[in-house]
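The values are calculated or read from the model by the stated rules, or taken from the named source; none is laboratory data. All values reported here derive from a predicted model rather than from experimental measurement. Cβ coordinates were reconstructed from backbone atoms using ideal geometry, including for glycine residues, and neighbour counts include every protein chain displayed. All accessible areas refer to the heavy atoms of the entire protein, side chains included, with ligands and DNA or RNA removed. Shrake-Rupley method; radii C 1.70, N 1.55, O 1.52, S 1.80 Å.
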Amino acid sequence: MFLILIGPPGVGKGTLGAALEAKYGALPISSGAIFRAEIEAQTDLGRMAKRYIDHGELVPNGVTIEMMNKRLRDPSIRKSGFVLDGFPRTVRQAEALDEMLFDLSFGLDKAISLEAPADLIVGRLAGRIGCTRCGEIYHSVTKPPKRDGICDRCNSPLFIREDDKPESIRERIRVFWETTAPVIDYYSKTGSLLKVDASHDPASTFHQVVAGLHLESK
Ligand code: AMP
């Protein structure tokens with residue numbers, strides 16, 4: 001299964017990716033998570049990316065495409081498939097991804113556009129807390145962890161993303177509408193777009209995806 005998730009920050013791409021992995025084994029690959037790991041490891045790429053990420057801006061296409069090209073060539077992906085979360089975010093990246101998929105002979109199943117009203121996603125992002133190790137996502141109001149600051153699933157410390165501050169949230173949503181929304185048109189034109197209403201709970205989003213992809217739901 002080769003899928004792309006497109007949607008504004010906070011719409012639920014990470015949660016859907018984890019659910020698709022749990023049920024169908026497709027590996028979620030998040031460009032944002034790769035950048036955060038590079039920042040944590042204090043690599044040159046991480047230091048460069050941090051300057052953009054902290055302000056809610058996009059990292060330049062060239063380095064982002066190169067990083068994803070390297071990641072997608074990992075031999076295990078041919079077997080597991082992938083769910084791309086956060087890439088492509090520009091039409092240039094979508095074109096580059098087409099070339100990578102062609103090169104690797106991976107057939108894209110669908111690009112899934114997750115849609116929800118802006119005020120709803122701002123509320124979701126403002127309380128978002130993530131696990132540093134397993135990537136589980138919590139929310140201070142709607143899905144708090146059982147113990148403050150500790151992941152229920154793997155007992156690792158939880159963190160609030162630097163770019164989940166209100167100024168960065170506003171900028172990330174603006175960048176989505178300006179730069180990433182055209183990517184939705186790009187996949188609509190190739191007939192590979194599946195639109196999903198992500199304004200309800202994660203189970204509703206997941207069921208729409210399963211139905212839209214005609215997947216076995218058992
Ligand atoms: P995310 O975890 O997907 O919300 O990404 C966090 C941040 O990483 C974004 O706000 C961007 O600064 C950067 N980023 C992630 N993916 C990309 C991409 N495909 N192109 C450019 N920047 C990206």
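Here is the size of segment 78-135 from its Cα atoms: Rg then Dmax, 15.3, 41 Å.
For the chain, a simple Cβ point-charge model (Lys and Arg +1, Asp and Glu -1, everything else neutral) yields a dipole of about 440 debye relative to the Cα centre.
Taking a ≥ b ≥ c as the square roots of the Cα gyration tensor eigenvalues, with a/c under 1.5 meaning rounded and otherwise prolate when a/b beats b/c, else oblate, which class fits segment 118-169? Show your work: numbers first, answer last.
Numbers: a/c = 2.62, a/b = 1.75, b/c = 1.50.
In terms of gyration-tensor shape, prolate.
Each Lys and Arg adds +1 at its Cβ and each Asp and Glu adds -1 at its Cβ; summed about the Cα centre, segment 106-194 shows a dipole of about 280 debye.
Using the C-alpha gyration tensor of segment 54-155, what are the square roots of 5 times its eigenvalues, in whole angstrom, with the largest one first?
On the way: eigenvalues 186, 67, 37 Å².
Rounded to whole Å, the semi-axes are 31, 18, 14.
Which trypsin sites (Lys or Arg not before Pro) in segment 7-74 pass both tests, a DSSP loop state and at most 16 other beta-carbon atoms within 10 Å?
Values: sites: 13, 23, 36, 47, 50, 51, 70, 71, 73; in loops: 73.
Passing sites in segment 7-74 are 73.
Taking the accessible area of the chain, probe 1.4 Å, and keeping the other protein chains in place, the carbon and sulfur fraction comes to 54%.
Find the eigenvalues of the gyration tensor of the Cα atoms of segment 1-110, then list the square roots of 5 times those eigenvalues as equivalent ellipsoid semi-axes, largest first, in whole angstrom. Kindly include the intermediate steps, with their values, before the conclusion.
Values: eigenvalues 96, 52, 37 Å².
Its equivalent ellipsoid spans semi-axes of 22, 16, 14 Å.
Rounded to the nearest whole Å², what accessible area per residue is found for segment 99-139 with the 1.4 Å probe?
In whole numbers, segment 99-139 has 49 Å² accessible per residue.
Solvent-free Debye calculation, one equal scatterer per alpha-carbon of the chain: log10 I(q)/I(0) at 0.14 Å⁻¹ equals -0.88.
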